[in-house]
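The values are calculated or read from the model by the stated rules, or taken from the named source; none is laboratory data. Predicted model only: the values in this text are computed from it and were never measured. Ideal geometry is used to build each Cβ from the backbone, glycine not excepted, and the neighbour counts take in all protein chains shown.
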């Protein structure tokens, strides 16, 4: 067939990203001059800024001419600082040769899935999930197996449900390769306790699955509980830790993530080799941004100050929004323990809307309130709102939701 | 099968990047304290620097807090400046909604191939080719069809050879989707004349193939001939223009490329949609680097000054190296018209080496001269040397080659 309307590869039916799907409508509304109350995108920068000491280091790197290609797996100095971070925060001993710098965490996810998925293979996700995971598995031929998080119990994973889903998939002949955990969690704002993580590791071990843990919000903790890094509870079991500069340092526009593959089993070794080849084929991640990363991770005092400031604000906003949403008849919402999202349930039977996609589209069109539909995260009758904007904007968001639930 | 040694996806057998394969050996040698004469990587920054006016704009963007996520297809202002550049240089009228910013040109290649290739499909490359192209086609299930460039005629494409190769592939049942041109050319340093490009467009048109043109070196022209952009000769025929900040501005470490899909046929429209979805899934390219791009493209006067400086130096070095290599018995080398590479042929029958991989490995090990094997670009018995280092280092490179050809 020639280059015509049938031109896209079959895999492209999986390419989508629900968080941005209302972007065209939002641009239409903006053109009319109307204000939009935007709680759709997990970008702390417009409301809380980027850590200024990191921006300063970024500018310094540029001034000093650090603008050439970097080695594909990442700048040596940056890799060393990443290793030290995990010693400091989680008492993990990680060799820097097992760390890889990526162009944001999204490149990390794409390259891991590209390395591991094929037709006939599968990956386990917890539902709801961050919307990039599932389409990426599909793009590379794999099938997603979903294990439900328990909304009634603070979005906890269920060992029984997980075991059952894995068993069923295996019975159906699926070759499962990994399970992907996101902790603290986007979209729910929950945090997996150490006990729950130990359960997950046990299931992974019993089923020979790699565990990939996306911990991009691991220092944005809104409660007294301690964050558990997967590396603390998965020693000896193949696992991967992902993180980056986007959230804990407010460096969303920098596009710097990292991947740690600490284990020495055969699978992990092969994966490191393959992953390195994919990194080489895209040459490197931004050189000056990686040097900003050196300062981001090594200046612990400046980082504590920035974190204190953003966590205080996010906590206040999350508490306000949690209370406000639960006051709405037809809306119920779990408390956030980490990250900067809430994932309220909407009782659509009380509304005129068939599903949350219709609800969210109308919410933007009529109320100029922009949030993301829960079904984009795998779970209908929900919506995801960030708690990053100041309280007066969050009040507009809540009011818009209330108006629409009532109408 | 569990997560063990069989863990990588089948596609990963294609993941490789020959330009960096001697990196481990080079690091070994460096550890001994020995100096390496490195002409392996196409990075102008260590020798000629980055355009200082662009670095200044990059620092300004950071100072002004431009550090949040950007819209996935790119910053509006940057897209506008890219459109203006093509009007100014090539008199093309391009709507900025048909331009997309990528994390380097390598991301552009990956996403285009991901959008277009599948099992049973194929892509036409000219041999020798830039090493990222062929493995990327393989990674996404496609097959590469090679059409030989004619070394004896300044690496010109041959219309007859191209037509024949396409005919044979189609007879064998292959569903060809695109052909990829790289002009000015890496590794040969050649430039396709307008006439040759017109031939290529005619063949593409007759065979319903999309033309993708990688023009990352389009302002590094070492002769009086004028560069022809594919957009000038392919109106009405589906085509794509790729470029970025890496070479013409010396911004290799910034990771900013762009893709233009100017045509309005059904295939191009579908491709724009699919490509946009892939861009959304990785959120955005670096925001401050894109704002540096605005200045890079809009400050034409500062850019002319930078270009004049680098082209003068590259030209002198290319001329020196061309002459010097041709003086070696057993080495013959075509003149470079653009970019910053030479691709000399080595008469291996006069040496003890079976192939150019052995030759280049020994060259690095024994002479501490680091160049890249031609077979990595699809053509054995050649090597690629950059002409970026100053003449005294290029002399060491040539001397090392001479020593090894003689031994």
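Things worth noting here:
- Summed over segment B:289-304, the residues that are farther than 10 Å from residue B:81 by Cα and either buried (at least 24 other Cβ atoms within 10 Å of the Cβ) or within 14 Å of another protein chain (Cβ to nearest Cβ) (or both) give a count of 4.
- Among the residues here, residue B:97 does not qualify as within 10 Å of chain A (Cβ to nearest Cβ) and either at pLDDT 95 or above or touching a helix residue (DSSP H, G or I) at 6+ places or on another chain (Cβ under 6 Å) (or both).
- Unique residue being touching a strand residue (DSSP E or B) at 6+ places or on another chain (Cβ under 8 Å) and either in the same structural domain as residue B:334 (by TED's automatic domain parsing) or under 23 Å from residue B:371 (Cα atoms) (or both) when the list is B:86, B:196, B:129: B:129
- Residues of segment A:305-339 classified as touching a residue at least 60 places away in the same chain (Cβ under 8 Å), in a loop (DSSP other than H, G, I, E, B) and within 23 Å of residue A:380 (Cβ to Cβ), total: 7
- Residues being more than 7 Å from chain B (Cβ to nearest Cβ) and assigned to a helix (DSSP H, G or I) - total across segment A:53-93: 21
- Of the numbered criteria (1) in contact (Cβ under 8 Å) with a residue 40 or more places away in the chain; (2) over 30 Å from residue A:377 (Cβ atoms); (3) more than 10 Å from every other protein chain (Cβ to nearest Cβ), the one residue A:48 fails is (2).
- Output for segment A:57-91, where each listed residue is touching a residue at least 24 places away in the same chain (Cβ under 8 Å) and closer than 22 Å to residue A:220 by Cβ: A:57, A:58, A:78, A:81, A:82, A:84, A:85, A:86, A:88, A:89, A:90, A:91
- The one condition from (1) closer than 18 Å to residue A:378 by Cα; (2) surrounded by fewer than 24 Cβ atoms within 10 Å (Cβ to Cβ) that residue A:202 does not meet is (1).
- Residue in segment A:381-407 that is farthest from residue A:247 (Cα to Cα), counting only those that are in contact with a strand residue (DSSP E or B) (Cβ under 8 Å, 6 or more places away or on another chain) and not in a helix (DSSP H, G or I): A:381
- Residues of segment B:246-264 classified as more than 7 Å from chain A (Cβ to nearest Cβ) and touching a residue at least 24 places away in the same chain (Cβ under 8 Å), total: 13
Yes or no, residue by residue, for (1) surrounded by fewer than 24 Cβ atoms within 10 Å (Cβ to Cβ); (2) within 23 Å of the chain's Cα centre (by Cα):
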site: A:49; (1), (2): yes, yes
site: A:56; (1), (2): yes, no
site: A:62; (1), (2): no, no
site: A:66; (1), (2): yes, no
site: A:69; (1), (2): yes, no
site: A:77; (1), (2): yes, no
site: A:109; (1), (2): no, yes
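- Test: residue in segment A:265-280 that is assigned to a loop (DSSP other than H, G, I, E, B), in the same structural domain as residue A:184 (by TED's automatic domain parsing), in contact with a helix residue (DSSP H, G or I) (Cβ under 8 Å, 6 or more places away or on another chain) and in contact (Cβ under 8 Å) with a residue 60 or more places away in the chain: no
- Set B:243, B:277: member being more than 11 Å from chain A (Cβ to nearest Cβ) and crowded, with 18+ Cβ neighbours inside 10 Å: B:243
- Breaking point among (1) facing chain A (nearest Cβ under 7 Å); (2) closer than 21 Å to residue A:284 by Cα; (3) surrounded by fewer than 20 Cβ atoms within 10 Å (Cβ to Cβ), for residue B:10: (2)
- From the list A:163, A:219, A:148, the lone residue that is more than 12 Å from chain B (Cβ to nearest Cβ), within 28 Å of residue A:78 (Cβ to Cβ), touching a helix residue (DSSP H, G or I) at 6+ places or on another chain (Cβ under 7 Å) and surrounded by fewer than 24 Cβ atoms within 10 Å (Cβ to Cβ) is A:219.
- The single condition from (1) buried (at least 20 other Cβ atoms within 10 Å of the Cβ); (2) more than 18 Å from residue B:296 (Cβ to Cβ); (3) within 14 Å of chain A (Cβ to nearest Cβ) that residue B:208 fails is (1).
- Segment B:15-26, residues that are buried (at least 18 other Cβ atoms within 10 Å of the Cβ), touching a helix residue (DSSP H, G or I) at 6+ places or on another chain (Cβ under 6 Å) and either in contact (Cβ under 8 Å) with a residue 40 or more places away in the chain or more than 9 Å from chain A (Cβ to nearest Cβ) (or both): B:15, B:16, B:17, B:18, B:22
- Some residue of segment A:281-288 being away from every other protein chain (no Cβ under 11 Å), in a helix (DSSP H, G or I), closer than 19 Å to residue A:62 by Cα and at pLDDT 95 or above: no
- Between B:74, B:104, B:42, the distinction of being in contact with a strand residue (DSSP E or B) (Cβ under 7 Å, 6 or more places away or on another chain) and outside the structural domain of residue B:247 (by TED's automatic domain parsing) belongs to B:42 only.
- Within segment A:27-40, the set of residues being within 11 Å of chain B (Cβ to nearest Cβ) and either surrounded by 20 or more Cβ atoms within 10 Å (Cβ to Cβ) or modelled with pLDDT of 95 or more (or both) is empty.
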